[in-house]
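**Student:** I'd like to ask some things about the structure below.
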Amino acid sequence: VEHRPVLVSFVSELFRPALARGGVFVDATLGQGGHARAVLEAEARAVVVGIDRDPVALDEARANLAGYGSRARLTHGNFEELASLLERLGIEKVRGVLFDLGVSSPQLDNPARGFGYRATGPLDMRMDPTQPVSALQVVNEYGQRELEGVIRRFGEERFARRIARAIVGARPIETTDRLADVVREAFPAPARRTGGHPARRTFQALRIEVNGELDALGSGLHDALRVLEPGGRVAVISYHSLEDRITKQFFAREARGCDCPPDVPVCACDARAELRVLTRRPVRPAPDEIAANPRARAAKLRAAERLEVA
Ligand SMILES: C[S@@+](CC[C@H](N)C(=O)[O-])C[C@H]1O[C@@H](n2cnc3c(N)ncnc32)[C@H](O)[C@@H]1O
């Protein structure tokens with residue numbers, strides 16, 4: 001399965017001014033290397049550091065980008081530790097960082113990885129198979145309240161309580177299709193037929209929990225800001241509202257600077273604006289891109305530029 005990079009020409013245009021004089025571009029979610037390749041092609045003087053926590057994706061990207069030699073430096077890791085991964089490569093400052101979040105088509109479409117609710121596979125969902133906790137543990141070992149919390153918070157699922165109760169009652173659950181059935185049956189009958197597959201939100205929630213996705217995004221953004229040179233740019237492509245909200249709030253906070261409550265007469269917080277937001281509204285793929293690549297449908301891109309230090 002090929003993964004089609006989302007908003008790829010927009011991404012290469014976006015980073016063009018930042019990379020015009022060369023420098024390091026970090027693709028924090030390398031996948032099969034679609035965006036990385038576009039940047040390598042567009043910016044002959046740029047070096048691309050590619051990070052992925054999935055060793056399978058990394059191997060594929062290695063093969064796909066082999067022709068770029070030392071301009072493509074690919075490394076296994078979690079972007080949660082972006083700054084220390086870069087430090088290990090001897091890199092302190094960069095001109096661009098891209099996060100294209102979530103899972104890729106090859107991960108989603110391989111039943112053995114356990115991400116999909118339409119095929120039968122083991123309950124896994126780990127992006128990095130060396131992680132200790134898989135969906136099997138979350139589904140079979142979490143307490144009912146804990147499970148309910150995960151499904152409500154990370155799936156924004158209004159039937160979280162019924163679903164958690166049904167899962168606990170059906171244990172052990174070992175496969176994705178069995179879980180999908182249990183979730184479907186937990187839905188009140190009339191709700192089963194509206195709003196897509198009933199298991200979609202629950203699977204999203206479990207995936208976020210297994211991979212610690214929201215925490216990773218928070219610290220990845222924090223690190224990106226630390227390593228970005230003035231004039232450097234950061235972009236995030238997200239696929240659901242939780243990720244988009246974290247990105248939007250992070251950019252807004254760093255663009256605002258002062259964090260004092262409104263009733264404080266004189267600023268006492270010392271915080272300075274670090275970013276300029278480049279996308280007042282998130283950028284969405286055009287209808288023809290969505291028609292050609294249905295997975296682009298939910299995509300939202302937000303971008304910001306590092307300000308000169310005063
Ligand atoms: C949507 S795909 C990226 C596709 C890529 N832009 C391309 O054009 O081929 C997301 C990738 O990011 C990886 N990933 C997700 N979260 C990560 C994290 N916290 N650290 C490192 N890689 C991560 C996944 O393993 C997956 O391969």
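**Student:** Residue 24 is checked against (1) under 26 Å from residue 278 (Cβ atoms); (2) within 12 Å of the ligand (Cβ to nearest atom); (3) not in a helix (DSSP H, G or I) and fails just one. What number does that condition carry?
**Tutor:** Among (1) under 26 Å from residue 278 (Cβ atoms); (2) within 12 Å of the ligand (Cβ to nearest atom); (3) not in a helix (DSSP H, G or I), residue 24 violates only (2).
**Student:** State all residues of region 53-84 that are under 16 Å from residue 26 (Cβ atoms), near the ligand (Cβ under 9 Å from one of its atoms) and free of Cβ contacts under 8 Å to residues at least 60 places away in the same chain; if no residue qualifies, say none.
**Tutor:** Those that are under 16 Å from residue 26 (Cβ atoms), near the ligand (Cβ under 9 Å from one of its atoms) and free of Cβ contacts under 8 Å to residues at least 60 places away in the same chain: 57, 58, 61, 76, 77.
**Student:** Here's another thing I want to ask about it. Quick one: which helices (runs of 4 or more DSSP H) lie wholly within region 201-305 and hold at least 2 residues that are β-branched (Val, Ile, Thr)?
**Tutor:** Here the list reads 241-256.
**Student:** Shifting gears a bit: Being out of contact with any Ser or Thr (no Cβ under 6 Å at 6 or more places or on another chain) and aliphatic (A, V, I, L, M): is that true of residue 63 here?
**Tutor:** Criteria met by residue 63.
**Student:** Of the residues 156, 141, 146, only one is within 22 Å of the chain's Cα centre (by Cα) and exposed (fewer than 15 other Cβ atoms within 10 Å of the Cβ); which?
**Tutor:** Just a single option satisfies the conditions, and that option is 156.
**Student:** State the number of residues belonging to region 1-21 that are assigned to a helix (DSSP H, G or I), aliphatic (A, V, I, L, M) and within 13 Å of the ligand (Cβ to nearest atom).
**Tutor:** 2
**Student:** Can I ask one more? Looking at 99, 115, can you tell me which residue is within 19 Å of residue 7 (Cβ to Cβ) and aromatic (Phe, Trp, Tyr)?
**Tutor:** Answer to the check: 99.
For (1) near the ligand (Cβ under 10 Å from one of its atoms); (2) outside any loop (DSSP other than H, G, I, E, B); (3) of a type in the set (Gly, Ala, Ser); (4) at pLDDT 95 or above, each residue gets a yes or a no:
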site	(1), (2), (3), (4)
40	no, yes, no, yes
51	yes, yes, no, yes
108	yes, yes, no, no
127	yes, no, no, yes
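**Student:** Another question, then. Taking the condition more than 19 Å from the chain's Cα centre (by Cα), surrounded by fewer than 21 Cβ atoms within 10 Å (Cβ to Cβ) and among the aliphatic types (A, V, I, L, M), does residue 83 pass?
**Tutor:** no
**Student:** Which one is surrounded by the fewest Cβ atoms within 10 Å (Cβ to Cβ), of the residues in region 86-106 that are part of a helix (DSSP H, G or I) and within 14 Å of the ligand (Cβ to nearest atom)?
**Tutor:** 105
**Student:** Within the bounds of region 197-211, is there any residue that is surrounded by fewer than 17 Cβ atoms within 10 Å (Cβ to Cβ) and touching a Pro at 6+ places or on another chain (Cβ under 8 Å)?
**Tutor:** Among the residues of region 197-211, not one is surrounded by fewer than 17 Cβ atoms within 10 Å (Cβ to Cβ) and touching a Pro at 6+ places or on another chain (Cβ under 8 Å), which makes the answer no.
The values are calculated or read from the model by the stated rules, or taken from the named source; none is laboratory data. It should be emphasised that the depicted structure is a prediction, and the values quoted were computed from it without experimental measurement. No Cβ is skipped: glycine too gets one built from the backbone with ideal geometry, and neighbour counts run over all protein chains shown.
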